[in-house]
């Protein structure tokens, strides 16, 4: 009998008395597991082996679990403090015991939640007792966690040899101290026909597993025997590179806006405060312009600001625009305006373009957009980062209204399958009227702010020399992606907390 090399190697390594795992056979034969898996399927079809498949759970300690394994579980720490406080004789004040334990934050809640469950004592009415007969050394969860962290019993079958393991594994998983993943494990055993084939004699048949340039040029391909491929056989998953989900959404946003008739604008990330805030009629004593909210750079002052425009912007701040205009009557300094900072919003690009400083000779109607980074000294949470992508856009035309702006948003978000946009009136120093946009998160049902918008005020447009109406907006790319993908935390999209599987599988709607 002639068989391909991988099938011969598998037959010779397999046993007729007990099943052998594919990964063990791969180690013995030097063949990779995917090749042997395909060979096993072919041999099973020929009746020479039987293949059995079992589900195997792999247990791996999480970072929190490893930390507890190296130190101790919070409930054990609380128990020891309770013993020191004499709580085995009479109840002790809970606050006193917690302070003595050294626990704080979430660790306190974790300890209290597991203290009574494990029989260490009771917690009631602000007092704690300790069971003198309890022994932390017999804590099965602690023991299993320590073994797993040491690399012993790293699969569920080995841990299950202990009579407590199943319950312990389930409890550790529910506490987030271990991660349990399941995989299919295949084993091979020779059939009687397989044994007969080996005794009769099996020879290796030379086969070719791919068509190469050498086979083509030599003509040997005509006589070569090609390996059969089982397209349904399991094979190792190869995680190839792909565009990051945020970059994919940024590219999709650009496609949508270009399709709506917009042109893209670009500009510096670090810019004079004049372009970032002063042109927007943001008073220089506005809280958002302090060092608490902006990232000022120690690089000297900008020296290329247009003098006439600076003069008009200063006049708008001091005296307002038009006969009925009224400025802020607050300090205004050209030296402050010329300081360089990381842009807190990409509206600095809009100011450069509308003024003609970046792209001269604009005539309405005009539509421009950008999808660029902005930087703010925000507190990190589920919807805020220190840097983010802002979808900037504006339309310059005659007799624009809020209805035009709302219709633009509805059409834009519809391209991403988002149709439940809500609008809320808002105040901005640079637009009137103004409103914020909100979208409902598909998983939590929570309304998330996704952007800010309005019609530029005369105090913004007049110094720039713009006649007509300009409607503008700044939308958050990350929050658009949250609504479209269901991610509940902005840090799920990028950063050290991002799940690589999510990044590989997230799709951009078209």
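No value in this document is a laboratory result; all are computed from the given coordinates. Here the structure is a predicted model, which means the values were calculated and not measured. Every residue, glycine as well, gets a Cβ built from its backbone with ideal geometry; the counts of neighbours run over all protein chains shown.
Quick look at the values:
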{"quantity": "Fewest-first sequence of 328, 427 by Cβ atoms within 10 Å of each Cβ", "calculated": "427, 328"}
{"quantity": "Exposure proxy order (Cβ contacts within 10 Å, fewest to most) of 269, 494", "calculated": "269, 494"}
{"quantity": "Computed label-point distance, nm, for sites residue 209 and residue 2 using a 7 Å Cα→Cβ extension", "calculated": "2.0"}
{"quantity": "Extension gain from residue 398 to residue 238, taking 0.36 nm per residue of separation minus the Cα-Cα distance", "calculated": "52.1 nm"}
{"quantity": "For 492, 359, order by how many other beta-carbon atoms lie within 10 Å, fewest first", "calculated": "359, 492"}
{"quantity": "Calculated [θ] (222 nm, deg cm²/dmol) that DSSP helices of n ≥ 4 give over the chain, each run adding -39,500 (n - 2.57)", "calculated": "-10000 deg cm²/dmol"}
{"quantity": "Inter-centroid distance (Cα atoms) of the range 252-282 relative to the range 435-473, Å", "calculated": "13"}
{"quantity": "For the range 334-405 and the range 1-66, distance of Cα centres in Å", "calculated": "60"}
{"quantity": "Computed label-point distance, nm, for sites residue 441 and residue 23 using a 7 Å Cα→Cβ extension", "calculated": "3.7"}
{"quantity": "The range 74-138 shape via C-alpha gyration tensor axes, a/c threshold 1.5", "calculated": "rounded"}
{"quantity": "Gained length - residue 179 relative to residue 124, 0.36 nm times residue gap less alpha-carbon distance", "calculated": "16.5 nm"}
{"quantity": "Efficiency of FRET between residue 301 and residue 373 - r from beta-carbon atoms, R0 25 angstrom, step 0.05", "calculated": "0.65"}
{"quantity": "Rounded if a/c under 1.5, otherwise prolate or oblate - the chain, Cα gyration tensor axes", "calculated": "oblate"}
{"quantity": "Nitroxide proxy distance, nm - points 7 Å out along Cα→Cβ at residue 62 and residue 133", "calculated": "3.4"}
{"quantity": "Extension gain from residue 502 to residue 329, taking 0.36 nm per residue of separation minus the Cα-Cα distance", "calculated": "57.1 nm"}
{"quantity": "FRET efficiency, residue 228 to residue 140 (Cβ-Cβ, R0 41 Å, nearest 0.05)", "calculated": "0.25"}
